[in-house]
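The values are calculated or read from the model by the stated rules, or taken from the named source; none is laboratory data. Keep in mind the model is a prediction, meaning the values are calculated, not measured. Here Cβ is always computed from backbone atoms with ideal geometry, including for glycine, and neighbour counts include all displayed protein chains.
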There are 2 protein chains.
Amino acid sequence: MELKHDTIERIIREALAQMSAQGIAGAGVSVEAPASSMSVEALASGKTTERDPFLVSIGVSNRHIHLSRTDMDALFGPGSQLTRKKAMKQPGQFAAEETVTLKGRKGSLTKVRVLGPLRKETQIEVSVADGFTLGITPPLRMSGHLDDTPGVEIIGPQGSVQRDRGVIVALRHIHMPPETAALLGLRNGEEVDVEVGGERGGVLRKVVVRAAEASAYEMHIDVEEANALCLKNDDLVRIRKI
Amino acid sequence: MELKHDTIERIIREALAQMSAQGIAGAGVSVEAPASSMSVEALASGKTTERDPFLVSIGVSNRHIHLSRTDMDALFGPGSQLTRKKAMKQPGQFAAEETVTLKGRKGSLTKVRVLGPLRKETQIEVSVADGFTLGITPPLRMSGHLDDTPGVEIIGPQGSVQRDRGVIVALRHIHMPPETAALLGLRNGEEVDVEVGGERGGVLRKVVVRAAEASAYEMHIDVEEANALCLKNDDLVRIRKI
């Protein structure tokens, strides 16, 4: 038994129109913006006339490292401080002038940016391709979840550190303040789909919502995800509840 | 006016069930395999009990170059021949032992694999990130569409060539023989959506169908697309007609 796609689409549109006419309400996806190809085209062309609260801007994360006080001391000298180079969108976070080299059994990555401020534990965020370069297979993880992750040698201007864990590929996620989460009907830790327009558009599934105080509303993806979808910083994508 | 996603999903399921019961037929999406989260999970876990014809295997393309006879002569010596290293899935295509260096105004890429056989015009296929490395912005293109593409310097063991065009980022596409296209109800050049399961799963839109004689049924993506979706060679994804 098979159905033509346009038949299915027509049925869905009619059902949505009926429900809309009947005034069925609830928190969730706007009837004006079903996940249709039209909404994708609107995203691609930038022809969104008003800011839909489900539209979120992209922040692309290149490989970087968060350092502990102990590792900062070893790499940059006892008591050394990070030098602020550029503020990140997330309040209080910044790219530092400092960089390190990562060295794995297979290869090295140079000029890896340190992000501040210092953290309780050193964490290294790389892409899948960076893992191949280093000769390790870091798992997809949310920030801070470092159990059973591979390590790497970190080389700074004043010394080096052999970490036995801490390397991850960051799971794509969306930062938002609690009031935005409430507006969208989303909970911290919930997974959503995200619709991407453009030449390499599509839908990203299993995108984790990170609702916390002092957050900027922003979706973080890594460089490979950005390039694979032709996304760049500040591009808009649309959250779809699942 | 807003609708809960699960309400929409319930309506769609009921409509599909009704149409199925009424025996509405047509070429297209199988009722047994709507684009639900269940099918994604089945893909992710490998628990597909029988081979759905809409399932296609992935082939990941790393950066590579196709050479013309003229450029082969200049790079590897007059009358030189490519040495077959490994057959590709597409009949007659092979990876050669030969490699070249690509040099742009910003940087170089070494050990870029030559694919055989020779072609009428030299074509260089790189990733978006490779474009940054070289200092060029190659457009997303189907193979052979080289108008208004940037060039690059190609360096071989016997000489070098400055190409003034030919560098592209390959548009993802699906090769298939005409009989498979007929079975799926697809035409050459048509665009489809592709459903990807797994940790970084989602839907890829605007995937071009390339139906031609002497083709193997295979979807080609580049390394960044593969890593962004956690796909590797021979993984299965599902075509959805649009």
Subject >> Every residue from region B:156-167 that is surrounded by fewer than 16 Cβ atoms within 10 Å (Cβ to Cβ) and not in a strand (DSSP E or B) >> reply: B:157, B:158, B:164
Original post:
Tell me, which strands (runs of 3 or more DSSP E) wholly within region B:67-155 include 1 or more residues that are on the phi < 0 side of the Ramachandran plot and surrounded by 16 or more Cβ atoms within 10 Å (Cβ to Cβ)?
Top reply: B:94-103, B:108-119, B:123-125
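Can residue A:225 be described as assigned to a helix (DSSP H, G or I), within 12 Å of another protein chain (Cβ to nearest Cβ) and out of contact with any Gly (no Cβ under 9 Å at 6 or more places or on another chain)?
yes
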Subject >> Selection count, region B:210-222, where residues are surrounded by fewer than 21 Cβ atoms within 10 Å (Cβ to Cβ) and within 10 Å of chain A (Cβ to nearest Cβ) >> reply: 0
Subject >> Out of B:98, B:121, sole residue that is at pLDDT 95 or above, farther than 22 Å from residue B:215 by Cβ and among the acidic types (Asp, Glu) >> reply: B:98
Subject >> Lone unmet requirement of (1) buried (at least 23 other Cβ atoms within 10 Å of the Cβ); (2) modelled with pLDDT under 95 for residue A:242 >> reply: (1)
**OP:** Pick out the one residue from A:126, A:161 that is touching a strand residue (DSSP E or B) at 6+ places or on another chain (Cβ under 7 Å), within 14 Å of another protein chain (Cβ to nearest Cβ) and of a type in the set (Val, Ile, Thr).
**Re:** A:126
Original post:
away from chain A (no Cβ under 14 Å) and under 30 Å from residue A:173 (Cβ atoms): does that describe residue B:234?
Top reply: yes
**OP:** Those residues that are buried (at least 18 other Cβ atoms within 10 Å of the Cβ) and either within 14 Å of chain A (Cβ to nearest Cβ) or of a type in the set (D, E, K, R) (or both), I need them from region B:174-200; list them, please.
**Re:** B:184, B:186, B:192, B:193, B:194, B:195, B:196, B:197, B:198, B:200
Subject >> Breaking point among (1) without any contact (Cβ under 8 Å) to a residue 24 or more places away in the chain; (2) small (Gly, Ala, Ser); (3) touching a Ser or Thr at 6+ places or on another chain (Cβ under 7 Å), for residue B:108 >> reply: (1)
